[in-house]
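K.L.:
My questions all concern the structure below.
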Amino acid sequence: HSPRRLTNKTTINFKKMVNMKKLALFASALLFAVACQSDDNMDNNDKIILDFESLSQYIDTVQYGGNLLYSGRGYEWHDNTTDLGSSLTNYWQDGTFFGGGVVISNFINTKSNPNYEDQLSINGNPHSGSNFAICYAFTNECPPFIEFRNEAKQVMSLYIKPTAYLSDVVQNGNAFSAAMPNNGYIRVEATGIDAAGSTTGTAEFYLYDGRKESDWRLWELESLGAVKRIEFRMFEGTTDGDKRLDSTAEYPTYPSYFAIDDIAVER
């Protein structure tokens, strides 16, 4: 049989049906887009970012020997929005930064060969804003930490990079250490501690894997779960084929500093 010829009325009804289907598809797509947008907004609303911008009062006037970090009176900071804070490890029982800690900084390196007097500076810019934090892991026996003052929460992620002092020694060496070999590495470990003092898990991040220089990178920490405290430890070593061999030295060969910024905390 030959196809049925469409009358004008049939053509109009057919076009109307097609247009209605187009409108229905458009509406569905619009609802899907709105739903996706709502999910994104929900994700953003479920976390708080500690960018250290409100903590400028905790930045010392100089990087080494300053009154805040070396007066012997101790040092601590706290952010009211995220409830995160820290204090010095006090490894030497002297109330100074000599034993390590997590401290607030805004120092940007301007030297070609930074040293220990430039311990709070980074190359380049903060990940955001003007402030960031410096972690000094003097010894893994008494690690630097960040902790919640009140209830345990989940730290979702943070950004991390080497300090200017560490970077220079890794690349060029100094009077105390040779430059890092091509098969060398520096690993940072984050250990979660819950309100009862039990370990919730450990996450690792290779600050260096070889001498390749890097800028800010994201470190996912959700695997630690809800924590009261996160402790940071640094390990050095060399690779031998597929094996990684940590150094057994009591104290690190390289300056054990790294910078962190934009800590994401579950609301």
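The values are calculated or read from the model by the stated rules, or taken from the named source; none is laboratory data. Please read all numbers here as calculations on a predicted model, not as lab measurements. Cβ: placed from backbone, ideal geometry, glycine included. Neighbour counts: every protein chain shown. Accessible surface is based on the protein model in full, side chains and every heavy atom, while ligands, DNA and RNA are left aside. Shrake-Rupley method; radii C 1.70, N 1.55, O 1.52, S 1.80 Å.
K.L.:
Condition first: touching a Pro at 6+ places or on another chain (Cβ under 9 Å) and buried (at least 21 other Cβ atoms within 10 Å of the Cβ). Now tell me which residues in the stretch 163-197 satisfy that.
P.N.:
Passing the criteria: THR163, ALA164, TYR165, LEU166, SER167, ASP168, VAL169, VAL170, ILE186.
K.L.:
Moving to a separate point now. If you take the residues of the stretch 107-143 that are acidic (Asp, Glu) and modelled with pLDDT of 95 or more, which of them is least open to solvent (accessible area, probe 1.4 Å)?
P.N.:
Applying the filter and picking the extreme gives ASP118.
K.L.:
Also: Report those strands (runs of 3 or more DSSP E) wholly inside the stretch 163-267 carrying at least 3 residues which are among the aliphatic types (A, V, I, L, M) and more than 30 Å from THR110 (Cα to Cα).
P.N.:
So the answer is none; nothing clears 3.
K.L.:
If LYS111 meets every condition in (1) touching a Lys or Arg at 6+ places or on another chain (Cβ under 9 Å); (2) in a loop (DSSP other than H, G, I, E, B) apart from one, which number is that one?
P.N.:
The number of the failed condition is (1).
K.L.:
Collect the residues in the stretch 233-267 that are under 22 Å from ASN80 (Cα atoms) and buried (at least 18 other Cβ atoms within 10 Å of the Cβ), keeping them in residue-number order.
P.N.:
Once the filter is applied, which keeps residues that are under 22 Å from ASN80 (Cα atoms) and buried (at least 18 other Cβ atoms within 10 Å of the Cβ), the stretch 233-267 yields ALA259, ILE260, ASP261, ASP262, ILE263, ALA264, VAL265.
K.L.:
Could you please tell me which pairs satisfy a Cβ distance under 8 Å, a separation of 6+ or placement on different chains, a first residue in the stretch 49-60 that is under 15 Å from SER86 (Cβ atoms), and a second residue that is of a type in the set (A, V, I, L, M, F, W, C) and open to solvent by 50 Å² or more (accessible area, probe 1.4 Å)?
P.N.:
Within 8 Å, the pairs are TYR58/LEU68; ILE59/LEU68; ASP60/LEU68.
K.L.:
Oh, and also: With the condition kept exactly as written, say whether any residue in the stretch 139-156 is under 17 Å from TRP216 (Cα atoms) and in contact (Cβ under 8 Å) with a residue 24 or more places away in the chain.
P.N.:
The answer is yes; a qualifying residue exists.
K.L.:
Something else now. Mind checking which residues of the stretch 45-102 are surrounded by fewer than 16 Cβ atoms within 10 Å (Cβ to Cβ), in a loop (DSSP other than H, G, I, E, B) and of a type in the set (S, T, N, Q)?
P.N.:
Within the stretch 45-102, SER54, THR61, SER71, ASN80, THR81, GLN93 qualify.
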